[in-house]
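Okay, structure first, notes after.
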Amino acid sequence: MRSGPASPVSVTVVTNQAGRYSFPVDRLTPGHYALRIRAIGYELDGPAAADVAAKGTVTADLALRKVDDIASQMTSTEWLISMPGAEQKRPLIECMSCHTLERVVRSKFTADAFVGVLKRMANYANNSTVQKVQARVAEREVPDDRARRVGEYLATVN
């Protein structure tokens, strides 16, 4: 829920076992609020909003429907957990600071293509973004055998 009609701040709450939720009184000022959910496998069945008054209680019952593609809702951590192996996926932790792992698992790259990508990306600064790539000041060399090993692994999970 956004904290105020035009605010970029979100207030997050969790439902209880019965699916009920409530927001702390001191976190919301009167106004119109858009409601969003994060429930893996589900999405809101249409837009949801609530008008909060200065006094009183407001109730908003949310209707959910199953999503067609659960993969589009997964976080990078969930993608990482879902991948096989332990040591093979360890290098991917570095990737998650710049982009989502969804890009990796949905790609159609071969092991050879991944080798080039891995060598190129090793020279981007941590926390670059897809929109604003930042080159490292000093070039970082990725050994061919390491790039090949990771590339071969990635080609099996995409």
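Just so it is clear, none of the values below were taken in a lab; they were calculated from the coordinates. Keep in mind the model is a prediction, meaning the values are calculated, not measured. Heads up, the Cβs are rebuilt from the backbone with ideal geometry, glycines too, and the neighbour counts pull from every protein chain shown.
Tabulated results
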{"read-out": "Residue-wise HN-Hα coupling along the stretch 127-142, computed from phi with Karplus coefficients 6.51, -1.76, 1.60 (Hz; x: Gly, Pro)", "value": "6, 5, 10, 4, 6, 9, 6, 10, 6, 5, 5, 10, 5, 10, 8, 10"}
{"read-out": "Semi-axis lengths (Å, descending) of the ellipsoid that matches the C-alpha gyration tensor of the stretch 74-157", "value": "19, 16, 11"}
{"read-out": "Between 0 and 90°, nearest 10: helix 111-121 axis offset from the chain longest Cα axis", "value": "70 degrees"}
{"read-out": "Under 17 Å from Lys108, Cα to Cα: aspartates and glutamates that are on another chain or at least 8 residues apart", "value": "Glu152"}
{"read-out": "Ascending count of other beta-carbon atoms within 10 Å, so fewest first, for Arg38, Arg103", "value": "Arg38, Arg103"}
{"read-out": "Förster radius 30 Å - calculated FRET efficiency between Asn16 and Asp69 (Cβ-Cβ, nearest 0.05)", "value": "0.60"}
{"read-out": "Net charge dipole size for the chain [Lys, Arg +1 and Asp, Glu -1 on Cβ; Debye, nearest 20]", "value": "220 debye"}
{"read-out": "The stretch 72-136-the stretch 28-67 distance, computed between alpha-carbon centres (Å)", "value": "33 Å"}
{"read-out": "GluC sites (Glu not before Pro), loop per DSSP, at most 13 other Cβ atoms within 10 Å - longest free stretch of the chain", "value": "1-86"}
{"read-out": "Correct option for Rg/Rh (Cα atoms, Kirkwood Rh) [calculated from the coordinates] among [x] 1.31; [y] 1.26; [z] 1.11", "value": "[z]"}
